[in-house]
Amino acid sequence: MNIFELVIDEESETFGVEAISLVEKPAIESDFIALKKEEPNVMLADQEQRIVMGPALIPDKPIYRRNGDAEFYVYFSKTTIRRAMELYFQHHNQANTTLEHEDAVNQTYLMESWIVEDPEMDKSRLYNMEVPRGTWMVTMKIENDKVWEEYVKTKKVKGFSIEGFFVNRLSLSEQIAEVELESYADYGDSVKNNAKRGIELNERNGNKCATQTGKVRAQQLANGEGISVETIRRMYSYLSRAETYYDPNATTECGTISYLLWGGKAALGWSRNKLRELDVLEEIEELCKEMHDSAVTESNPPKE
């Protein structure tokens, strides 16, 4: 079975880890632990800490993937993992959390993050966790009552899984040799107006909704700029999955604002038709379906 190294393509529009998901079955097959008040070196008042600790990425760990009939493994090197962690914080994504790569959750955030340099001396050994050198460890604070009571304490979720954009080294080499010249700006005024509306609502909301990528995308659409086929792919992928979070009456909710920033329902229809015109719609729809179970996937609503 083939095995591919996943790397970060920093020349692309989107790259790196954009969110961390709480999942029942981590792709890296390593569970987190919920820290308790009786555990060592922990300061605690009269309430539960609501802290979970575990690996986000383990270097050279084969991760099984399937695309149609094709089965393969992917892995991350120590260098890629370190850079992924750096970009995660550089892009201010530490509060981006989802459940099972589907539902975005608030009141959760990373409070610690580090790369394991010495497995024998690392903090993780205090909690009987054995991880190799180069592992990206995280500690997450969960102030969301429902997530803590219904998912962590009941062990419906057992570990972390990343969401982001990576490419395998082979396809990256192919991309470097190919320059994409086509871009499209025929999405109409409805898409532009939705993006403008999203920008306006986000400004009223302190610009706290969406990732930096989503904010940049809104500016492009509002200005009528051309967007690449790859961006149209991502637009359709995000909007088709995030539609359930959109409520035109909930103008302070991030799900609604993020959806508008990407052009809203008008952009969903336009991107679908454009991808059909370009004969790649079926491929993208299949990818969207697979992303529900993937640890290497794009950011989920409403933080896009």
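Shown here: the stretch 183-290, whose C-alpha atoms stretch 39, 29, 22 Å along the first, second and third principal axes, sorted largest to smallest. For T98, the residues whose modelled amide H falls within less than 5 Å of its own, excluding neighbours fewer than 5 places apart on the same chain, are I20, S21, L22, V105. Database remark: amide H of G159 closer than 5 angstrom to the amide H of V23, F32 (H placed geometrically; neighbours at sequence offset of 5 or more, or on other chains; Pro and chain starts carry no H).
Taking the Cβ of P132 as the centre, find all other residues whose Cβ is under 14 Å away and add up their charges (Lys, Arg: +1; Asp, Glu: -1). Show your work: numbers first, answer last.
Numbers: positive: K61, K78, R82, R125, R133; negative: E29, D60, E117, D118, E120, D122, E130.
Overall, the nearby charge balance is -2.
The order of the peptides 112-118, 21-27 by mean Cβ neighbours within 10 Å, most packed first, is 21-27, 112-118.
When peptides 95-105, 202-212 are sorted by average Cβ neighbour count within 10 Å, with the highest value leading, the order is 95-105, 202-212.
Every number in this text was worked out from the coordinates using simple rules, so none of it is lab data. Bear in mind that the values here come from a model prediction, so they are computed numbers and not experimental data. Cβ: placed from backbone, ideal geometry, glycine included. Neighbour counts: every protein chain shown.
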